[in-house]
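Right, one structure below, let's go through it.
The values are calculated or read from the model by the stated rules, or taken from the named source; none is laboratory data. Since the structure is predicted, the reported quantities are computational estimates derived from the model, not experimental observations. Note that each Cβ is placed from the backbone with ideal geometry, even for glycine, and that neighbours are counted across all protein chains shown. Note: areas computed on protein heavy atoms with side chains; ligands, DNA, RNA excluded. Shrake-Rupley method; radii C 1.70, N 1.55, O 1.52, S 1.80 Å.
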Amino acid sequence: MAEVTIDSTLQESRLFEPPAEFSQQAEIKSLAEYEQLYAKAKADPQKFWADLAETELHWFQKWDTVLDWQPPFAQWFVNGKINISYNCLDRHLTTWRRNKAALIWEGEPGDSRTFTYAQLHREVCQFANVLKQLGVQKGDVVGIYMPMIPEAAIAMLACARIGAPHTVVFGGFSAEALRDRLKDGKAKLVITADGGWRKDAIVPLKEQVDKALADAPTVKNVLVVQRTAQPIAMEPGRDHWWHDIRQGVSADCPAEPMDSEDMLFILYTSGSTGKPKGVVHTTAGYNLYSHVTTKWIFDLKDTDVYWCTADVGWITGHSYIVYGPLSNGATTLMYEGAPRASNPGCFWDVIEKYGVNIFYTAPTAIRAFMRMGDHEPNARNLSSLRLLGTVGEPINPEAWMWYHRVIGGERCPIVDTWWQTETGGVMITPLPGAIATKPGSATRPFPGILAEIVDLEGNPVPDHEGGYLAIQHPWPGMMRTVYGDPDRFRRTYWEHIPPQDGHYTYFAGDGARKDADGYFWVMGRVDDVISVAGHRLGTMEIESALVSHPAVAEAAVVGKPDEVKGEEVVAFVTLDPSFAPSPELSAELKKHVVQEIGALARPGEIRFSEALPKTRSGKIMRRLLRSLAAGEEITGDTSTLEDRSVLDKLREGA
Ligand code: 7RM
């Protein structure tokens, strides 16, 4: 019999009803309305999505089949013709939104720019014409390696406009990581900048591109946006300044009618082993899914300023800075900077300066702010906020409550959104006017998403029991394949849970449980589950117990092989600045975990550390910690690590 369950210990009973004033104005106004929508979508998913596709998007030509499902390969809106850049820009130009702010941008040094829909459209069209002039054709892959400046979004929309799939690579990744992704995607052109600002320093992007291109022969041209103006090398014939080459180029560039299933972008995610996977998303399904989720989850109003703090190199930046908000005609804010010693309160400054109404960030950021204390946010006026969101990792109830109290002033609903690069958009989430929240739970599936907790045979597990988070029906935003490797797509996502009678289940790779109210509690990646004396423990609950101790700012737990118990829990802990590491504190934290969870979860070892290894999107890389704890060499992909020095420090401290 397969391992079926993951033990769960988290007890959390606080419940926050949507404020009445919020519900009254919300897209989805009540639990009953959500449940009705959910039931309708479940009864006939194809009709549900087709109706939305009809009312929410512009089509050059209507599809003739809603879903062609040859498991695990799906095609949505077959033979439809559509362009996501058109849906994000052109269709708003004939409405009053023409001169509404589409994109507000704030640079780290304090410079800023705003683009109305008409202006953004013009920029995108001109950019698209330059790409064409440089030989980019429909179907050619374009690499984007940019800082968080408006041209990053403009470049994405320009690619989408002419049907050139983009592959955005985080500006923080190394030349090697960039090279591997450009080679795998066979990119023909790279869009970059001379540099970008991050934590008061210049990130030398163009220099990295030059290194990457020494061994990426498919790339013929580089388009360089000037951001920082430090001297850089430009290779004649290959490298072109955007501000030079755009001179005299027409801003007339009709959007290419794309087939629904034409590739829109590739976005690489690192697997724990092997090379990064190129997650492929296509045009119509992604457009629809990012659009509808944005509309209902963020409850956008035309008067709102909406801010998602993600980088565009993360799927969150794609779906919820660029495509989802613009498709809805929203005002989306983009910020280049990161909280830093010279301005730890910069996020709160931005909220105050622009009167941000909706704010979407990651648990790692929330925990970092919590550690800095309430002083910074309390010193700003955050009263414009009406809705908060979180994404990227399970949020521990402690951090959730802080976010609710200090940032949300106890009046803003929090949407804890569970999803993945692979899912294209949010899958499990509160609808903020309809679903009461519980700290630490992503609550319930989005309408049209048949989520379940199952064992490895695909059978639902009872309430409160941890199992595998799975999706039982295709949805429009799902990834279509792994670029160049359909077999890896099948193996990674569709064969962990064996198909029964042609019925395929998507395996998300996360452990989770459902409570009696049908709320989902994500417990962490199943690869990270720790086996102690026959019990399988998710990482989230032990970490959450640690963080509930006043001394602990952040924690990551991993298993270390143990002859007797199978594995022993090792906890890596970052302290609140007012506490110092000591053997006494270590003993106290072990005791605290025993009190909160039980003797089973007692860490055998606590390792204090100034920082934890994270991806650029803020996810703790437990796989690396596992190797460290076991005293092994670190193997596998480390290309997504945000700060390499963290590993060295951890090794020295060992
Ligand atoms: C959007 C994104 C996906 C993985 C996913 C989870 C974890 C994301 C939450 C979460 C608990 C959440 N895409 N994850 N959101 N876990 N609660 N609200 O993060 O491809 O980069 O990562 O992130 O493990 O599988 S991603």
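Overview of values
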item	result
q = 0.09, 0.10, 0.11, 0.14 Å⁻¹, region 477-599: log10 I(q)/I(0) [Debye, one scatterer per Cα]	-0.39, -0.47, -0.55, -0.78
Loop sites in region 29-84: chymotrypsin sites (Phe, Trp or Tyr not before Pro), DSSP, at most 14 other Cβ within 10 Å	F60
Accessible surface, region 578-654, averaged per residue in Å² (probe 1.4 Å)	52 Å²
Net +/- balance of residues flanking D576 in space, Cβ distance below 14 Å, scoring K and R +1, D and E -1	-3
Unsatisfied cross-links (Cα-Cα over 21 Å) in the set K275/K619; K138/K220; K614/K649; K199/K277; K100/K199	K199/K277; K100/K199
Simple label model, 7 Å out from Cα along Cβ direction - A39 to K100, nm	3.3 nm
Lone cysteines, the chain (no partner Cβ under 4.7 Å)	C88, C159, C308, C346, C412
Net charge of Cβ neighbours under 15 Å - reference P474; Lys, Arg +1; Asp, Glu -1	-1
In order through region 277-293: 3J(HN,Hα) via Karplus (6.51 cos²θ - 1.76 cosθ + 1.60), integer Hz, x for Gly, Pro	8, x, 6, 9, 10, 10, 7, 6, x, 5, 4, 5, 5, 5, 5, 5, 5
Distant-in-sequence amide H partners of E568 (H built 1.01 Å from N, under 5 Å)	K560, D562
Other-chain or far-sequence residues with amide H under 5 Å of F608's (modelled H)	V573
DSSP beta bridges in region 542-654 [antiparallel fraction, %, rounded to 5]	75 percent
Principal-axis tilt of helix 31-43 within the chain, Cα atoms, nearest 10 degrees	70 degrees
Extended-chain gain in nm, criterion 0.36 nm per residue less alpha-carbon gap, K29 and Q472	156.8 nm
Per residue accessible area of region 445-527, 1.4 Å probe, in Å²	35 Å²
Extended-chain gain in nm, criterion 0.36 nm per residue less alpha-carbon gap, D463 and A20	156.5 nm
Share antiparallel - DSSP beta bridges, the chain, percent rounded to 5	60 percent
Accessible area of region 287-340 belonging to carbon and sulfur atoms, whole % at 1.4 Å probe	51 percent
Accessible area of region 147-193 belonging to carbon and sulfur atoms, whole % at 1.4 Å probe	50 percent
Under Karplus coefficients 6.51, -1.76 and 1.60, residue-wise ³J(HN,Hα) of region 118-123 in Hz, glycine/proline x	5, 5, 4, 4, 4, 4
Gain in span if fully extended, D648 to F579, counting 0.36 nm per residue against the direct Cα distance	22.6 nm
Calculated FRET value between S13 and Q137, using beta carbons and R₀ = 45 Å, to 0.05	0.20
Between 0 and 90°, nearest 10: helix 583-596 axis offset from the chain longest Cα axis	90 degrees
Nearby lysines by direct alpha-carbon distance to K42 (threshold 27 angstrom, same-chain neighbours under 8 apart not counted)	K29, K62, K81, K295, K438, K514
For region 409-426, Karplus couplings with θ = phi - 60° (6.51, -1.76, 1.60), whole Hz, Gly/Pro x	x, 6, 10, 9, x, 10, 9, 8, 9, 8, 5, 8, 3, 5, 8, x, x, 5
Average accessible surface area per residue within region 1-113, 1.4 Å rolling probe, Å²	52 Å²
Nitroxide proxy distance, nm - points 7 Å out along Cα→Cβ at R113 and H243	1.0 nm
Rounded percent of accessible protein surface that carbon and sulfur make up, region 471-570, 1.4 Å probe	47 percent
Inter-probe distance in nm under a simple model that places probes 7 Å from Cα toward Cβ, at V78 and S342	5.7 nm
Charge sum, other residues only, whose C-beta stays under 12 Å from A118's C-beta, Lys/Arg counted +1 and Asp/Glu -1	+2
Cα gyration tensor shape for the chain, rounded if a/c is under 1.5, else prolate or oblate	rounded
